[in-house]
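Enquirer: Shown below is the structure under consideration.
The values are calculated or read from the model by the stated rules, or taken from the named source; none is laboratory data. Keep in mind it's a predicted model, so treat the numbers as computed, not measured. FYI the Cβ positions are ideal-geometry reconstructions off the backbone, even for glycines, and counts take in every protein chain you see. Please note that ligands, DNA and RNA were not included when accessible areas were found on the heavy atoms of the full protein model with its side chains. Shrake-Rupley method; radii C 1.70, N 1.55, O 1.52, S 1.80 Å.
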Amino acid sequence: KDRRSEIHMLQFFLVCLTAGLAAGIGTGFAGLSAATVIAPMLIAFLGFPWYESVGIGLASDVLASALAAWIYKKHGNIDLKNGSFMLVSVLAMTVAGSYFSQYMPDMEMGYLSIIMSFCMGLRFIIKPVTGRKSFFSRSTGKRKTVISVICGLCIGFYCGFMGLGGGMMMLFILTFVLGYDLKTAVGTSVFVMTFTAFTGAASHFYFGDIAGGMVPALFLCALFTLLGSVVTSAMSNRMKPENTNRATGVVLVVLGIAMIFEQIL
C-alpha cells in the first residue's frame, strides 16, 4: 500500500512538472494559454474534473503571463494602447462564458481540450505564425479600435467557456487580422491574458470546487509554469519567430499524443 502511494505521489509530481513547464514554454514562446496544456493533462493523467482542471490552468497563467508581459515590454514588444481596448471587451464576456461552461459534461469537454491541444501543435509546426500585412493592418484610429473590441468580445466568451486564456485566438487576431509582427503580438497577448486568466480563474473557483489533491496541483503547476515562462520569454525575444513556433508545436504534439494514448489505455 505504501509503495502504491509513493508511486502515485511521484506520478502526481511528474504530471504537474511536465504540464507546468510545457505550459510555461507555450506562454513564453507563443503567448499560449497555460490552461491549453495543463487542463487536458490533469484530466488525462490524474482524472481531475474538467471544470476544476481549467481553473487550475487559468490560475497558473496569471503570474506566468504577467512576468512574460513585463519581459516583452522591456524589449519594446507590446502595444499597450490597442491591447487595453481588447482587454476591456474580453473581460466583459469572460465571466459569462465561465458561468455557462460549468454545465458542460467533463468527458466531452476533456476530449475536446486534448484534441485542440494536439491540433494547435500541428498548426505551429506546419504553418508558423510569423506576422504579415493584412487589410486591417492599414486601419488606424477608431476603425482599428472597433475591430479590437469586436474581436475581444468573441475571444472573451471563448476564454470563459472553453477555460482558456485566449492566447492563441488573440495571437491569430493580432497577426492575421491586425497585421502585428509575432513578437509584438505575443507580448500584447500575454499582457491581455494576465487579466483574462485571473478573471477566468476566479470565476472557475467560485462556481467550481477546488479541494483535496487539487490544491497541491495548483501550487505545483503555477510554480513550474512561472519558471518555464520566464526562461522562454527571455529566449523568445532573441530567437527567430519560426523557431519559437516550432519549438512550441513539438511540445504540444508530443503531449497531445501522450494524452490520447492515456485515454485509450
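Enquirer: Taking the condition among the β-branched types (Val, Ile, Thr), closer than 23 Å to Gly83 by Cα and open to solvent by 10 Å² or more (accessible area, probe 1.4 Å), does Val177 pass?
Expert: On the way: among the β-branched types (Val, Ile, Thr): yes; closer than 23 Å to Gly83 by Cα: yes; open to solvent by 10 Å² or more (accessible area, probe 1.4 Å): yes.
The answer is yes for Val177.
Enquirer: Let me ask another. Quick check on my filter: what residues within the stretch 238-265 are polar (S, T, N, Q), within 19 Å of Ile125 (Cα to Cα) and either open to solvent by 20 Å² or more (accessible area, probe 1.4 Å) or at pLDDT below 75 (or both)? Talk me through it step by step, then tell me what you get.
Expert: From the stretch 238-265, those polar (S, T, N, Q) are 243-245, 248, 263; that's our starting set.
If we keep only those that are within 19 Å of Ile125 (Cα to Cα) as well, we get 243-245, 248.
Scanning the stretch 238-265 gives a single hit, Asn243.
To keep it simple, each residue is scored yes or no on (1) among the charged types (D, E, K, R); (2) touching a helix residue (DSSP H, G or I) at 6+ places or on another chain (Cβ under 6 Å).
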site	(1), (2)
Asp181	yes, no
Asp209	yes, no
Gly213	no, no
Ala217	no, yes
Asn237	no, no
Phe261	no, no
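Enquirer: Further, regarding this structure: Which is of a type in the set (A, V, I, L, M), open to solvent by 50 Å² or more (accessible area, probe 1.4 Å) and at pLDDT below 90, of Leu80, Leu63, Leu32? Before you say what the answer is, go through the steps one by one.
Expert: Values: Leu63 fails: at pLDDT below 90; Leu32 fails: open to solvent by 50 Å² or more (accessible area, probe 1.4 Å).
From the options Leu80, Leu63, Leu32, the qualifying one is Leu80.
Enquirer: Residues of the stretch 1-22 being at pLDDT 90 or above and buried (at least 24 other Cβ atoms within 10 Å of the Cβ), which ones?
Expert: Cys16, Ala19, Gly20
Enquirer: Residues in the stretch 182-207 that are over 15 Å from the mean Cα position of the chain (by Cα), within 30 Å of Met9 (Cα to Cα) and open to solvent by 20 Å² or more (accessible area, probe 1.4 Å): how many?
Expert: Total meeting the criteria: 4.
Enquirer: Please go through the stretch 25-49 and give me each residue that is assigned to a helix (DSSP H, G or I) and not aliphatic (A, V, I, L, M), ordered by number. Explain how you work it out, then say what you get.
Expert: Of the residues in the stretch 25-49, the ones assigned to a helix (DSSP H, G or I) are 25-30, 34-46.
Passing the criteria: Gly26, Thr27, Gly28, Phe29, Thr36, Pro40, Phe45.
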